[in-house]
1. Beta carbons within 10 angstrom, averaged per residue: use that to sort the peptides 322-334, 14-26, highest first.
2. With a bin width of 5 angstrom, please list the P(r) values of the range 280-350 as percents of all Cα-Cα pairs, from the 0 bin to the one holding the largest distance.
3. Using label points projected 7 Å from each Cα along Cα→Cβ, tell me how many nm separate ALA103 and GLU321, to one decimal.
4. Taking only DSSP H segments of four or more residues, each worth -39500 (n - 2.57), what value at 222 nm results for the chain once the sum is divided by all its residues, to the nearest 500 deg cm²/dmol?
5. Calculate, for ARG14 and LEU212, the FRET efficiency according to 1/(1 + (r/R0)^6) with r their C-beta to C-beta distance and R0 35 Å; round to the nearest 0.05.
6. Can you give me the Cα centroid spacing of the range 143-215 and the range 75-112 in angstrom?
7. What number, in percent, do you get for the relative contact order of the chain if the mean sequence gap of Cα pairs under 8 Å and at least 6 apart is divided by its residue count?
8. Once both axes come from the Cα atoms, what is the angle between helix 46-66 and the longest principal axis of the chain, in degrees from 0 to 90, rounded to 10?
Amino acid sequence: MSQALEHEEVVVRRGRRSGLPIIVAVHSRALGPAVGGCRMRRYDSWRDGLTDALRLSEAMTYKAAVAGLDFGGGKSVIALDRDTDLTAELREAALEDLGELIAPWQGSYRTGPDIGTGPQDMVVLKRFTPYAYCAPEEHGGTGDSGGPTASGVLAALRAGARHVFGDASCAGRTVVVSGFGSVGGRVAAGLAAEGARVLVSDVEESRRQAALAAGFGWVEPDEALSVPADILVPAAVGGVLSEESVPRLAAPLVVGPANNQLTEDSVADTLARHGVVWVPDYVAGAGGIVYTLSRESDHDSDEAARKRVDGIGDTVSHVLELARSTGVTPLRAARQLAEARLTAAASRDA
């Protein structure tokens, strides 16, 4: 039985230098060049890396469309085995393999850091293509996008709080931040500065001391969803919201930057049935890409780019009001907004 492929282009190649599976998935270029970060992580099988690339590139299409960006969605994955010894030499070889793969596309797919890669890795990719975003400033990029991503999440949180509680302020509210990494840590700090009671969770036990030293409470990872709170912020890996986990949720509002938070789209309906307002991850987590493209593609000033990131709050308000007024889930409302832009683009190109 054949299965229809919704993506425009999918390439899986064995890197000639590294021997590793190098995967690039372009979901759509309807609105413009496809953009999406390079993920380097361990998988049980390279096919799991392919699945990741397919799902994440589709999410990038909707993230860009809802955010009003003239870009499509893509993703690249360097798939490591569980036992791969990732030496500095192998890392550089794998990045060179990716650079060699995407260079002939001449900017129709553009990348940046994702899980497992960072600004310095973009310097390697820039040997092959100028379209590697977020390189260090001394190499012509804007550096780590974690700050703008966190700012966008905070703007989304305020909009969500206004919708659910009638007040955008998070002061006095209990917020669980699940994932105390680059973005989660910044979100936690921002919430604490606004007067929220912040509880932090992370699967990396080593981060407990850092969280406690910063004045945050600590929650064990398997309790993060069920701790009584006003807001849950998924800021780590995806797949945390499922048919099995949603009934355990104790927070009426879920807003966070983790990609692919739902195991299936149908979980959005389950969240609604349980009275939980969920802001789609690709809406809440768009700050990094909005800022980066504003600075590195549109050449906006830092101030102008940050203002565009703050606009994520308006987008969230629009999505949630559309969902409320039409009786659909926020996921469906966000999709409708994105699909309207994609359809209009397709009509212009026809």
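Derivation of every value follows stated rules applied to the coordinates shown; laboratory data play no part. All of these numbers come straight from a predicted model, not from anything done at the bench. So basically every Cβ, Gly included, is an ideal-geometry build from the backbone, and we count neighbours across all protein chains shown.
1. With the highest mean Cβ count within 10 Å placed first, the list reads 14-26, 322-334.
2. All Cα pairs, binned at 5 Å, distribute as 3, 16, 19, 18, 19, 16, 7, 1 percent.
3. 4.9
4. That calculation yields -13000 deg cm²/dmol at 222 nm.
5. 0.20
6. 31
7. Relative contact order of the chain: 15 percent.
8. 60
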